[in-house]
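K.L.:
I have a structure here, written as structure tokens, and I will follow up with some questions on it.
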Amino acid sequence: QVQLLESGGGLVQAGGSLRLSCAASGSIFSINLLGWYRQAPGKQRELVATITSGGVTNYGDSVKGRFTISGERSKNTVYLQMNSLKPEDTAVYYCRGLNSRGDYWGQGTQVTVSS
């Protein structure tokens, strides 16, 4: 089992910044991918950003150029730096981890961007 614990959400004004953290614990060996997804009320969960064990990143179209995903292997932590936030970025942000044994999700952290 892999446990994922998100932190860093909160309320911010449009144009501001937040940094989310996701700390992985448990059977974290051979994690192939860590990433962030989000779900706004009434909408489907969508990709925000992912990073592979080899450092390859992928971003959703709506966040390209504004968000940056990075990993700190020694701490088994992945970060999401979010800049130039917009009200439409308001959502619950979930951390996801993949390895050969399963697909794991955190509980989510709320991000609210006020206009």
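K.L.:
Could you give the dipole magnitude of the chain about its Cα centre, charging the beta-carbon of Lys and Arg +1 and that of Asp and Glu -1, in debye to the nearest 20?
P.N.:
It works out to roughly 80 debye.
K.L.:
Out of all Cα-Cα pairs in the chain, roughly what percent, to the nearest whole number, are more than 19 Å apart?
P.N.:
39
K.L.:
Given 0.36 nm per residue, what is the gain on full extension from SER25 to GLU46 after removing their alpha carbon distance, in nm?
P.N.:
So the chain would gain 5.2 nm between SER25 and GLU46.
Bear in mind that the values in this text are calculations on the coordinates, not laboratory data. All values derive from a computational prediction rather than experimental measurement. All Cβ positions, glycine included, derive from the backbone under ideal geometry; neighbour counts span all protein chains shown.
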